[in-house]
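**Q** Here it is, the structure, as structure tokens.
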Amino acid sequence: MNKLEELKKSAGAAKSDGRQFVTFIIGEENYGVEVLKVQEIIGMTQIIHVPNSAEFMKGVINLRGAVVPVVDMRTRFRMPEREYDMFTVIIIVEVKNRMIGMIVDSVSDVVDISEATIQDTPHFTAKIETDFIKGIGQVENKLVIILDIDKILSTSDLERMAMEESRGGDD
Amino acid sequence: MSENTIRDVFLEEAREILRHLEADLIQLEDGDDPELINRIFRYVHTIKGSSGIAGFDVVYEFTHKLETLLDMVRNGKIPVEKKLVDLLLESMDWIATGIYEEPDFDRMEALLDRTGKYHAAGGGAVSASEEEDAPAKNGPSEDKNFFFLVRASFRPMVFQSGIDPLIIMEDLTALGSVEQKRVNLKRLPELEELDPERCYLDWTVLLKTKHPRSKLDDVFIFVKDDNDITVEDITAEFVDDEKYNTMLQERKLGEILLKRGIITEEELDDVLSSQDESNRKLGDLIVEKGYADEKSIKYALGEQSRIKSRIQTTTVRVDTRKLDSLLNLLGEIVISQSSISRISEELEEQHGFRLKNALYAMDRITREFQEQIMAIRMIPIGPTFEQFRRFVRDAAADMKKEIRLDIRGAETELDKTVIEQISDPLKHMLRNAIDHGIEPPDEREKAGKKRTGTVTLNAYHQEGNIYIEIIDDGQGIDRAAIKRKGLERGLIKPGDELTDKQIHDLLFLPGFSTAENVGELSGRGVGMDVVKTNIEALRGSVEIFSEERRGSTIRIKLPLTLAIIEGMLVRVGTNVYIIPLLSIVESLQPARDHVKTVEGKGEVMLVRGEYVPLVRLYEHFGIKSDVTNPWESLVVVVESGSDRLGIMIDDLVGQQQIVIKSLENYITQSRALSGAAILGDGKVALIIDVHGMVGDLAR
């Protein structure tokens, strides 16, 4: 279960001035989060559903004695749900000293992306939430969407979304 | 050590020192006990030294000036008076802000100005006694004590060289004060073998002196070559809190007086022997015999109790996060243990049996381990109570009232999390007691009470709970005024017959008493709803008792510990939930005709002649269950305050101790879930909060 260590090791060789990102796949897209934010990567485990929670809040898991909430990134990004398979992983990240898990389709690599090649978020059509995208990087012709984890999984943001959903449910 | 760690250590240390300092300064108001002044001086001195090392230069400069002032106080050049204590307290506050926030330079100037005036006043007095002080200046360093451990072992034939070791030892002790001494008699032979021309004795002396090491070496200058003399500088061991930390042990009154040189050994023996006959208090006897005055006895008794309380509170100092992680680690051990236990089930009988036996033994140990860790989390409430002394003093002065704070049950132990969270509500209630409870001195006198009001903080254990009381001997709660206010607000109806308790409960309603209402007379209830919420969050409750003109008591009831509870595991479909055992009244299978619906929606069931609302947990949580008919299921009857509730479940799984882990607010909107716990098999189970569930239903 030490994929992260392996990844970090393999990336260590290719050290450069750029920052390192853990990349993962949701659907057809590549996403990246700063490696320093990632605590560990674990395989799919038993998730205990918490009643009356937002849809993307899949529940809580036992991470070696700590109760950690996990969020399904597909649901969070309003993408269609998909069954979990052997590639599905939970990336445990630390947001403001709190651990939280992200369920993603699969984890791919740790890559170096130099600051210079990271572009600012282009202006998409209004349909796409750009707040939590830090920028867009390029690795070997692949597009990597770099997420601002502090924003996307901030407590206030999650609370707001949960509130909205529960209000929607009441109607 | 990196710079950051030095800083961290200093910050931690300073926090502790400032707390002691505050307590001592408040005590200083009661009289100028020289030991107390010395200790205050040492605290400031330590802060000065460490702040310099940690790079807080402004604080260093400031404390340096303060130290000079305190030195004058110590030498009796400046009298101890309220004005001085005020200045010192404010200076202490400044130091705290200077260290933990940004130094406020304007305030510093103002304080230094006042300090300077005192300096001048002290300086004026100096001229008279200057001569006396003059020699001291060239000799020992002004404010620093050295501690030397001297071991002197003289060779047996030392007398033949015309040297008397005793005279040398006397010379040595003349340099300072002997803190500890021991004469080694091991080499001393039987009397018939004793050769009077030989030296058989060794000395070990702990000397406290203002002189540098060279002075001590001078004493031994003629003997050090052919005798075994070692002088060791152990000042570093004493530098923190000087002798107090190292010599911290419970001491008898007589010893304290002896140590302070107030009475002599013979006098003490005399008093002790007459005490045996008369069975009276030592202090009284000493005063009666004229060996010491009452003041000295009082101070010595003060020190005695301070030493006692220090022994109780300063034995362990561990970062609380370490304790938490220890507990988490233990939780992991328990979980791994249960997975091994599962493997043991799969093994063939012979091996499985042996493994199981080993696991039972291990289980016992881990349980005990857990209890011990929980015990470490318990800390006495005393320091929390003590920190209010300053608050009460200042608040009373602000309102021109005379108030004494009485602290009882300081040794009562609570979970550290509870202590951290109870502090604010307590302060709030103290403020209420001072503001609205205790009358102004003149009014008290008219009512035939003492001018000085008393507010008591009391803590005690009872039946697995902890009670904290805030008692005042003030005017009590004006129930008529509360009733009027309740009517005004439409909270009660004119015809309502209310018990005292029901009237008091009005005070806990949000916004019941704001500035313009119940008024000076008895405006209790400012933010009492917040207090109540805070205490309920700790799974506690709060009650008010009051007697007009006699005073009020607010009683808080809290569970012994927050982190661990006895829980009942219940199953609904494939989900396991935990209901705190303390909330459970009973569990039963209702008869078919005992379940009724109300307005076609709400369900109630008959429990011992009383209808209680029935909650189908599977419906409430939106999950699947095995059974949907209440009469086929089990119903757990729970209680929160005076509300009862039947929770419908599939089955009871068992009872076990669980460690509560909090759930972040955003995870669920349901108030019916208060946390989660990890079960023996590593699964997470959610904990049902009965109080919150009642609230959910009322929504």
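The values are calculated or read from the model by the stated rules, or taken from the named source; none is laboratory data. Because the structure is predicted, anything quoted here is derived from the model rather than measured. Positions of Cβ are generated from backbone atoms using ideal geometry, with glycine treated the same way; all protein chains shown enter the neighbour counts.
**Q** Tell me which of these B:GLN669 doesn't satisfy, since it passes every other one: (1) under 25 Å from A:LEU63 (Cβ atoms); (2) in contact with a Leu (Cβ under 9 Å, 6 or more places away or on another chain); (3) within 13 Å of another protein chain (Cβ to nearest Cβ).
**A** The failed condition is (2).
**Q** Confirm whether B:GLN669 is in contact (Cβ under 8 Å) with a residue 40 or more places away in the chain and under 36 Å from the mean Cα position of the chain (by Cα). Outline the logic, then answer.
**A** Working: in contact (Cβ under 8 Å) with a residue 40 or more places away in the chain: no; under 36 Å from the mean Cα position of the chain (by Cα): yes.
No, not satisfied.
**Q** Take the residues of the range A:34-70 that are among the basic types (Lys, Arg) and farther than 24 Å from B:ASP696 by Cα: which is surrounded by the most Cβ atoms within 10 Å (Cβ to Cβ)? Reasoning before the result, please.
**A** Going through the range A:34-70, the residues among the basic types (Lys, Arg) turn out to be A:37, A:58, A:64.
With farther than 24 Å from B:ASP696 by Cα added as a condition, the list becomes A:37, A:64.
Details: A:LYS37: 18, A:ARG64: 15.
By that ranking, first place goes to A:LYS37.
**Q** Could you please tell me which pairs satisfy a Cβ distance under 8 Å, a separation of 6+ or placement on different chains, a first residue in the range B:678-697 that is more than 12 Å from chain A (Cβ to nearest Cβ) and within 15 Å of B:ILE647 (Cβ to Cβ), and a second residue that is of a type in the set (Asp, Glu) and outside any loop (DSSP other than H, G, I, E, B)?
**A** B:VAL690/B:GLU639; B:HIS691/B:GLU536; B:VAL694/B:ASP643
**Q** Another question, then. Just the residues that are within 14 Å of chain B (Cβ to nearest Cβ) and under 22 Å from A:PHE21 (Cα atoms), please, taken from the range A:69-89. Walk me through how you get there before you give the answer.
**A** Going residue by residue through the range A:69-89, those that are within 14 Å of chain B (Cβ to nearest Cβ) are A:69-72, A:76.
Result: A:VAL70, A:VAL71, A:ASP72, A:ARG76.
**Q** Another question about this same structure. Being under 25 Å from B:VAL392 (Cα atoms), within 23 Å of the chain's Cα centre (by Cα) and outside any helix (DSSP H, G or I) is the requirement here; does B:ASP24 meet it? Spell out how you get there, then give the answer.
**A** On the way: under 25 Å from B:VAL392 (Cα atoms): yes; within 23 Å of the chain's Cα centre (by Cα): yes; outside any helix (DSSP H, G or I): no.
For B:ASP24, the condition - under 25 Å from B:VAL392 (Cα atoms), within 23 Å of the chain's Cα centre (by Cα) and outside any helix (DSSP H, G or I) - is not met.
**Q** Please enumerate the residues belonging to the range B:169-208 that are surrounded by 15 or more Cβ atoms within 10 Å (Cβ to Cβ), aliphatic (A, V, I, L, M) and farther than 21 Å from B:ILE234 by Cα.
**A** Across the range B:169-208, the qualifying residue is only B:LEU201.
**Q** Related question: Take the conditions among the charged types (D, E, K, R), part of a helix (DSSP H, G or I) and free of Cβ contacts under 8 Å to residues at least 24 places away in the same chain and apply them to B:LYS65. Does it pass? I'd like the intermediate steps shown before the answer.
**A** On the way: among the charged types (D, E, K, R): yes; part of a helix (DSSP H, G or I): yes; free of Cβ contacts under 8 Å to residues at least 24 places away in the same chain: no.
No, not satisfied.
**Q** Under 6 Å between Cβ atoms, at least 6 apart or on separate chains: pull out the pairs that start in the range A:45-68 with a residue that is more than 7 Å from chain B (Cβ to nearest Cβ) and at negative phi and end on any residue that is among the basic types (Lys, Arg) and surrounded by 19 or more Cβ atoms within 10 Å (Cβ to Cβ).
**A** Close Cβ pairs satisfying both conditions: A:ILE47/A:LYS58; A:PHE56/A:ARG76.
**Q** Would it be correct to say that B:ALA433 is free of Cβ contacts under 8 Å to residues at least 12 places away in the same chain, assigned to a helix (DSSP H, G or I) and among the small types (Gly, Ala, Ser)?
**A** When the stated conditions are applied, B:ALA433 does not pass them.
**Q** Six or more apart or on different chains, Cβ under 7 Å: which pairs go from a residue in the range B:257-275 that's modelled with pLDDT under 75 to one that's in a helix (DSSP H, G or I) and of a type in the set (Asp, Glu)? Could you list them?
**A** B:LEU258/B:GLU265
**Q** I would also like to ask the following. Please specify each residue of the range B:170-186 satisfying the condition of being outside any strand (DSSP E or B) and either within 45 Å of the chain's Cα centre (by Cα) or touching a residue at least 24 places away in the same chain (Cβ under 8 Å) (or both). Let's see the steps before the verdict.
**A** Initially, the range B:170-186 is screened for residues outside any strand (DSSP E or B), giving B:170-175, B:185-186.
Within the range B:170-186, B:GLU170, B:ASP171, B:LEU172, B:THR173, B:ALA174, B:LEU175, B:LEU185 qualify.
**Q** To continue, here is another question. What about B:ASP32, is it assigned to a helix (DSSP H, G or I) and at negative phi? Spell out the reasoning first.
**A** Working: assigned to a helix (DSSP H, G or I): no; at negative phi: yes.
For B:ASP32, the condition - assigned to a helix (DSSP H, G or I) and at negative phi - is not met.
**Q** Additional query: Scanning the range B:570-607 for residues that are crowded, with 17+ Cβ neighbours inside 10 Å and within 30 Å of B:ILE422 (Cβ to Cβ), which turns out modelled with the lowest pLDDT?
**A** Step by step, filter the range B:570-607, then rank; the result is B:SER583.
**Q** If you don't mind, there's one more thing I want to ask. Against the definition (among the aromatic types (Phe, Trp, Tyr), modelled with pLDDT of 80 or more and within 20 Å of the chain's Cα centre (by Cα)), how does B:TYR60 come out, yes or no? Lay out the reasoning, then the answer.
**A** Details: among the aromatic types (Phe, Trp, Tyr): yes; modelled with pLDDT of 80 or more: yes; within 20 Å of the chain's Cα centre (by Cα): no.
Taking the combined requirement at face value, the residue does not satisfy it.
This table checks each residue for (1) part of a helix (DSSP H, G or I); (2) touching a Gly at 6+ places or on another chain (Cβ under 7 Å); (3) modelled with pLDDT of 85 or more.
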position: B:GLU332; (1), (2), (3): yes, yes, no
position: B:ILE343; (1), (2), (3): yes, no, no
position: B:GLY352; (1), (2), (3): yes, no, no
position: B:LEU359; (1), (2), (3): yes, no, yes
